[in-house]
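First comes the structure, then the notes that go with it.
All of the numbers you see were taken from the coordinates with simple rules; none came from a lab. Since this is a predicted model, take the numbers as computed values, not measurements. As a convention, Cβ positions derive from the backbone with ideal geometry for all residues, glycine included, and neighbour counts pool all protein chains shown.
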Amino acid sequence: MEIISVINYKGGVGKTTVTANLAGELAYRGKKVLLLDMDAQSSLTFSFVTPDYWDTDLKENKTIKNWFDCISQGNKTMPLSDLVIKPNKVNAFLSSKNTGGAIDLISSHLGLINVDLELATLLGGANMTQTKRNYIKVHGKLRSEIQSFADDYDIVLIDCPPNFNIVTKNALIASDKILVPAKPDYLSTLGIDYLHGSVNTLVGEYNEYAETESVAPEFIGVVFTMIQIYGGEPISAQKQFIAQTKRLEVMPVLKSSFRENKSIFADAPQNGQPVVLNYYSNGTHNDVVKEIEAFVDEFVDVTGV
């Protein structure tokens with residue numbers, strides 16, 4: 001089982017679109033996928049279930065917030081498996097195609113915004129030994145819990161919030177690999193170098209405190225999103241930022257990318273399944289799907305999933 005975090009410091013870069021379509025195509029290829037929505041905006045959650053269903057069936061006691069609340073309140077956490085749901089529409093589609101794959105989901109909650117402050121109160125201690133123990137307890141809990149899924153899934157995809165708080169750090173420490181979606185513009189690429197450094201610092205601190213069990217998440221690389229195509233290539237303004245990111249050499253830049261198409265990608269969440277699993281409505285839709293499939297081909301080659 002591979003655990004992969006999808007993250008960018010900048011919001012609005014297509015992070016959830018990448019996660020949802022990666023999950024959809026992998027499941028279509030027969031993989032058992034668990035999605036973990038750690039972003040308080042809950043966009044990934046609402047890409048697979050309706051807000052009404054979330055409000056009536058999930059909001060009170062079946063989101064990742066409930067799990068973190070147990071930690072912050074000093075209570076024993078429920079098994080993460082208790083929070084897993086099987087989104088009906090996408091799994092009915094996969095079942096009809098006899099792919100053998102499936103998508104499970106642990107949903108998010110707007111209240112995750114406040115969880116970080118609550119968890120921060122658990123850090124520190126009367127002495128260095130206690131401080132280290134508390135640090136590992138707060139930052140490493142998700143890692144130990146996800147390991148209990150080892151035989152149930154081929155891959156876990158974690159949709160991270162656009163920040164570097166304790167919730168995000170839990171996801172990164174739990175991960176084997178990290179994928180960075182980015183829009184090729186100034187603000188979206190500005191933090192890539194800083195993100196790389198922050199992850200390295202986090203890993204160093206955790207491994208120093210853990211002493212016996214080290215973590216070593218690797219960067220898969222940057223996948224560019226919202227590409228504006230002209231003459232079969234990205235427009236010149238976007239080419240500049242793609243080239244600039246490659247020159248940084250802090251992490252690989254994937255060859256494949258996601259083009260911008262607001263109507264196709266914006267409509268998908270309302271249908272409860274990602275674009276890559278929808279029927280082609282026109283030639284442009286066909287091109288979009290082919291590009292997603294090419295991205296997943298590259299992802300599989302790099303990760304071995």
Checklist line | GNM top mover of 216, 171, 40 - the chain, alpha-carbon springs below 10 Å | finding: 216
Checklist line | the chain: angle of helix 262-271 to the longest principal axis, Cα-based, in degrees nearest 10 | finding: 60 degrees
Item checked: Average projected area [Cα convex hull, the range 249-297], square nanometres -> 4.2 nm²
Margin query: Based on alpha-carbon centroids, what's the gap between the range 162-194 and the range 78-141 in Å, whole number please?
Written below: 17 Å
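Normalised by the residues of the range 1-114, what does the relative contact order come to in percent, with Cα pairs under 8 Å and at least six apart? All intermediate terms of the calculation are to be shown ahead of the outcome.
Numbers: 147 pairs, mean separation 46.0, N = 114.
Relative contact order for the range 1-114 comes out at 40 percent.
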Notebook entry, point to check: Tell me, what is the percent relative contact order of the range 2-303, built from C-alpha pairs under 8 Å that lie six or more residues apart?
Noted result: 27 percent
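Using Cβ contacts closer than 10 Å as the measure, can you line up 153, 194 from fewest to most?
Numbers: 153 19, 194 12.
Fewest-to-most Cβ neighbours within 10 Å comes out as 194, 153.
Can you list, largest first and rounded to whole Å, the semi-axes you get for the range 2-303 by taking the square root of 5 times each eigenvalue of its Cα gyration tensor? Could you put the intermediate results ahead of the total?
Working: eigenvalues 194, 117, 53 Å².
Working through the eigenvalues yields semi-axes of 31, 24, 16 Å.
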Next item on the list: At 7 Å along the Cα-to-beta-carbon direction for both residue 130 and residue 60, put a label point, then send me their distance in nm to one decimal.
Entry: 3.8 nm
Next item on the list: Note down the net charge around residue 86, summing +1 for each Lys or Arg and -1 for each Asp or Glu among other residues with Cβ under 14 Å from its Cβ.
Entry: -1
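Could you work out the relative contact order of the range 48-194, using alpha carbon pairs under 8 angstrom and six or more residues apart, expressed as a whole percent? Before the final figure, lay out each step's value.
Values: 117 pairs, mean separation 27.4, N = 147.
Here the relative contact order equals 19 percent.
If you count, for each residue, the other Cβ atoms within 10 Å and average over each peptide, how do 186-193, 99-106 line up from highest to lowest? Please list the in-between numbers first.
Working: 186-193: 17.2, 99-106: 20.6.
Answer by packing, highest mean first, reads 99-106, 186-193.
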Note to self: What whole-number distance in Å separates the alpha-carbon centres of the range 13-60 and the range 223-245?
What the structure shows: 27 Å
Check: What does the helix-only formula give at 222 nm for the chain: each DSSP H stretch with n ≥ 4 adding -39500 (n - 2.57), the total divided by the residues, and the result rounded to the nearest 500 deg cm²/dmol?
Finding: -14000 deg cm²/dmol
